[in-house]
Each structure stands twice: as C-alpha cells, then as structure tokens.
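If you scroll down you'll find the structure; I have some questions about it.
Computed from the coordinates by the stated procedures, all read-outs in this text should not be read as laboratory data. Just so we're clear, the structure is a prediction, and the values are computed from it rather than from any experiment. Here the Cβ positions follow ideal geometry from the backbone for every residue, glycine too, while neighbour counts run over all protein chains shown.
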Amino acid sequence: MVNRVGVHEKGSLSINDVLESIKRREDFSRAGAIGLFIGVVRGETFEKEAKVEKLTLEAYEEKANEVLGKICDDLTYKAGIVDVQIHHFIGEFNVGDDLVYVAVAGSHREQVFPVLHEAVERYKGEAPIFKKEHVITDKGKSAYWISEKTFH
C-alpha cells in the first residue's frame, strides 16, 4: 500500500502505484475525476541560459514528509475532494525523468483542477526539498543549488 505522501528514492514508486492506491480507497466511489501533475526534469535552465545535464535532489525528509502531509490534509477537506497525494523523488535525475507526482481525486473536474494547482504551488513553496542543477554552458560545466521560491 502506498502512503498518501512522501519523499521517495528515485524509481521506488510509479504513477500506476499512486493511481492504484487512490482507486483502492474505501470512499473512491465518490470520485468522478482524478487529476495528475507529473513534474519532469527540463533540459534547459529556467532562464534558458544553459543546457541541463542532470539534477540532484535532496530533502530534509522528516520535515518534508510532515509538510507534504499537511498540504494533502488541508486540501482533502475542500468540497468534493476524495484524496490528495504528493510524492516527490530524491536522488540523481536525467532530463525527462519524473521528479514528482501530485494526484487529486474528487467528485468533479471543476473541484479537482484548482486543488491540483494549489497542491503543486504549495509543495514548491513549502517543502524542504533542495535541487542542484548540473549544467553545460559555452564556458563549460558547472553545478549550483537553486530554490524554486526564486521563480514565483
């Protein structure tokens, strides 16, 4: 059984695992929609100034799991929402690799989409998950830690 939230080692969980855990919920019969967000490694930097070679993600796992759990709990209490799950991966990632799965099940799509958006924005701004970008520019290779918070 998949926990509703968590920080996981890369490759330890699939999107199918997440969907199956939602569908196995006792109250899933109330759901008429599932919305998914899958964050992947982009091949260029946010400012498009360099090519991304890979990412390294680390987390203050205990606190990240607590924060992700609170986000999911908060959002599950919204009208018509059956389940909210956030699963973020840590480790080394290549371009195109999955980084995060956010899933929201609810009675209607009109309820699911705004909660999915809020869940993504909140985990990006609140969870202590740290990203190191390894890039290639015309000056060579470099790596640096970045914060999602600088992009909002």
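Over the chain, what portion of Cα pair distances is larger than 25 Å, expressed as a whole percent?
In whole percent, the long-distance tail amounts to 31.
Given charges of +1 on the Cβ of Lys and Arg and -1 on the Cβ of Asp and Glu, with all other atoms neutral, how large is the dipole of the stretch 5-151 about its Cα centre, in debye to the nearest 20?
With Lys and Arg at +1 and Asp and Glu at -1, about 220 debye.
Most exposed first by the Cβ proxy, i.e. fewest other Cβ within 10 Å, how do ILE129, ILE136 rank?
Listed from fewest to most nearby Cβ atoms, that is ILE136, ILE129.
Short version: ³J(HN,Hα) in whole Hz for each residue of the stretch 27-44, in order, from phi by Karplus 6.51 cos²θ - 1.76 cosθ + 1.60 (θ = phi - 60°), x for Gly and Pro, what are they?
9, 4, 4, 6, 7, x, 7, 10, x, 10, 10, 10, x, 10, 6, 7, x, 9
If the limit is 21 Å between Cα atoms, which of LYS51/LYS141; LYS63/LYS124; LYS63/LYS141; LYS23/LYS124 go over it?
Long pairs (Cα-Cα over 21 Å): LYS63/LYS141; LYS23/LYS124.
How about LYS54: which aspartates and glutamates have a C-alpha closer than 18 Å to its C-alpha, ignoring those fewer than 8 places off in the same chain?
LYS54 reaches GLU9, GLU44, GLU92, ASP97, ASP98, GLU133, ASP138, GLU148.
Right, another one. Modelled label-to-label distance, GLU92 and GLU49, 7 Å Cα→beta-carbon offset: nm?
2.6 nm
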